[in-house]
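Coordinate-derived values only; no laboratory data. What you see is a predicted model, and the numbers here were worked out from it, not measured in a lab.
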Amino acid sequence: MRETHEKTPPLIRRVNYGNVKDSTLFDHLIAESSEKHQVDFALVKAVIRAESGFNPYAISRKGARGLMQLMPETASRMSVPNIFSPRDNIEGSAIPEVPDVPL
């Protein structure tokens, strides 16, 4: 992995992941978050493959960002500190949201 620092916002440290198609590069993060939040490992990995192709800097036309393609508003609601950080993005996406239901 080659680090680059050209004109990157202070909270984002760019790491060149090359052309990652399918990898075990993020498996340890997926496993950690999956176990913590009791979400299936294979499901999280499949979402990453489908949404970003394992590119932590992916940005969709609609503005979704990172491995799990979080929208900035969702990232904010889920308290994701750095939407482009693989760890933060996976962690913020693997937390099941419980809707507010009046009792």
In sequence order, calculated HN-Hα J values of the range 24-32 (Karplus, 6.51, -1.76, 1.60; Hz; x Gly/Pro):
9, 3, 9, 4, 5, 6, 4, 4, 4
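For the range 22-94, what does the relative contact order come out to in percent, with C-alpha contacts under 8 Å and a separation of six or more? Could you put the intermediate results ahead of the total?
Details: 99 pairs, mean separation 19.5, N = 73.
Worked out over the range 22-94, it gives 27 percent.
Would you mind calculating the gained length between residue 28 and residue 49 on full extension (0.36 nm times residue separation, minus the Cα-Cα distance), in nm to one decimal? Present the calculation step by step, with values, prior to reporting the outcome.
Working: separation 21, 0.36 × 21 = 7.56 nm, distance 1.53 nm.
Taking residue 28 through residue 49 to full extension adds about 6.0 nm, to one decimal.
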Quick check: residue separation of residue 42 and residue 60 times 0.36 nm, minus the Cα distance between them. What number comes out in nm?
4.2 nm
